[in-house]
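Encoded as structure tokens, the structure appears first; notes follow it.
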Amino acid sequence: MTNEALKEKIATVPLSINYEEGAEWLTILVDPSDWLKLAEFLKSDPALDFDFLFCLTCIDWKTHLTMVYHLRSTSEKHTIVVKSKLAYDNASIESVARIWRTAEFHEREVFELFGVNFQNHPDLRLLILPDGWEGRNPLRKNYEDEVNMIRL
């Protein structure tokens, strides 16, 4: 399916979405409040069949955070990117771990490294860092490492 055909299909969902232009893959910009509804549609619609979440990460822009999801349909062979802008303080978005199982660990990683709260996540706790690192979020640009004196 072409990017234009994907746009037409996704436009059938009554959501407020925008697109980034100029990339190889269709890039969708969605409000965090609409993310779960869009995710459910992308996975369940047979013509889209986005059955594989192969990347989930976060970007710190100092003024806000952006969640980035890369989705692929293994049967239809198309790929999209979904981005959602989050507030810097109290960053929160709905978990998609019940839709794509791979999100469970990716969301835990983003939770501990960037401090994003994934609402309704089945097991939101530290994944990589040892106990005592809760809330320190070392990949945020405002993180200060007292031992190594790193400032961004």
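Would you check which residues across region 56-71 are farther than 21 Å from residue 120 by Cβ and surrounded by fewer than 18 Cβ atoms within 10 Å (Cβ to Cβ) and list them? Even if it seems obvious, please write down each step before you answer.
Here is the first cut: in region 56-71, the ones farther than 21 Å from residue 120 by Cβ are 59-64, 70.
59, 61, 62, 63, 64, 70 - these are the residues of region 56-71 that are farther than 21 Å from residue 120 by Cβ and surrounded by fewer than 18 Cβ atoms within 10 Å (Cβ to Cβ).
Got a sec? Which strands (runs of 3 or more DSSP E) wholly within region 68-152 have at least 2 residues that are of a type outside the set (Asp, Glu) and within 30 Å of residue 1 (Cβ to Cβ)? Walk me through how you get there before you give the answer.
Working: elements: 79-87, 92-94, 117-119.
Hits in region 68-152: 79-87.
So if I check each of 47, 97, which one is loosely packed, with under 15 Cβ neighbours inside 10 Å and either of a type in the set (Gly, Ala, Ser) or modelled with pLDDT of 95 or more (or both)? Walk me through it before giving the result.
Details: 97 fails: loosely packed, with under 15 Cβ neighbours inside 10 Å.
The conditions single out 47.
What about residue 72, is it among the charged types (D, E, K, R), within 23 Å of residue 26 (Cβ to Cβ) and in contact with a His (Cβ under 9 Å, 6 or more places away or on another chain)? Steps first, please.
On the way: among the charged types (D, E, K, R): yes; within 23 Å of residue 26 (Cβ to Cβ): yes; in contact with a His (Cβ under 9 Å, 6 or more places away or on another chain): yes.
Yes.
Could you tell me whether residue 140 is within 17 Å of the chain's Cα centre (by Cα) and under 23 Å from residue 54 (Cβ atoms)?
Values: within 17 Å of the chain's Cα centre (by Cα): yes; under 23 Å from residue 54 (Cβ atoms): no.
For residue 140, the condition - within 17 Å of the chain's Cα centre (by Cα) and under 23 Å from residue 54 (Cβ atoms) - is not met.
Please pick out the residue among 43, 62 that is more than 27 Å from residue 14 (Cα to Cα) and either under 10 Å from the mean Cα position of the chain (by Cα) or of a type outside the set (Gly, Ala, Ser) (or both). Quick ask: steps written out before the conclusion?
Values: 43 fails: more than 27 Å from residue 14 (Cα to Cα).
Just one listed residue meets the conditions, 62.
Going through region 16-40 one residue at a time, which ones are touching a Phe, Trp or Tyr at 6+ places or on another chain (Cβ under 9 Å) and surrounded by 16 or more Cβ atoms within 10 Å (Cβ to Cβ)? Even if it seems obvious, please write down each step before you answer.
First pass over region 16-40, keeping only residues touching a Phe, Trp or Tyr at 6+ places or on another chain (Cβ under 9 Å): 26-29, 35, 39.
Residues satisfying the conditions are 26, 27, 28, 35, 39.
Go through region 2-45 and report how many residues are in contact (Cβ under 8 Å) with a residue 40 or more places away in the chain, over 12 Å from residue 69 (Cβ atoms), assigned to a helix (DSSP H, G or I) and among the charged types (D, E, K, R).
1
Answer yes or no as to whether residue 128 is more than 27 Å from residue 38 (Cβ to Cβ), of a type in the set (A, V, I, L, M) and modelled with pLDDT of 90 or more. Break it down into steps so the answer makes sense when it comes.
On the way: more than 27 Å from residue 38 (Cβ to Cβ): yes; of a type in the set (A, V, I, L, M): yes; modelled with pLDDT of 90 or more: yes.
When the stated conditions are applied, residue 128 passes them.
Of the residues that make up region 129-146, is at least one surrounded by fewer than 18 Cβ atoms within 10 Å (Cβ to Cβ), touching a Cys at 6+ places or on another chain (Cβ under 8 Å) and farther than 21 Å from residue 27 by Cα?
The answer is yes; a qualifying residue exists.
Only one of 75, 92 is hydroxyl-bearing (Ser, Thr, Tyr), in contact (Cβ under 8 Å) with a residue 60 or more places away in the chain and surrounded by fewer than 20 Cβ atoms within 10 Å (Cβ to Cβ); which?
Working: 75 fails: in contact (Cβ under 8 Å) with a residue 60 or more places away in the chain.
One residue alone meets the criteria, 92.
The values are calculated or read from the model by the stated rules, or taken from the named source; none is laboratory data. Everything numeric here is computed off the predicted structure, so don't read it as measured data. Using ideal geometry, Cβ is built from the backbone for each residue, glycine included, and neighbour counts are taken over all protein chains shown.
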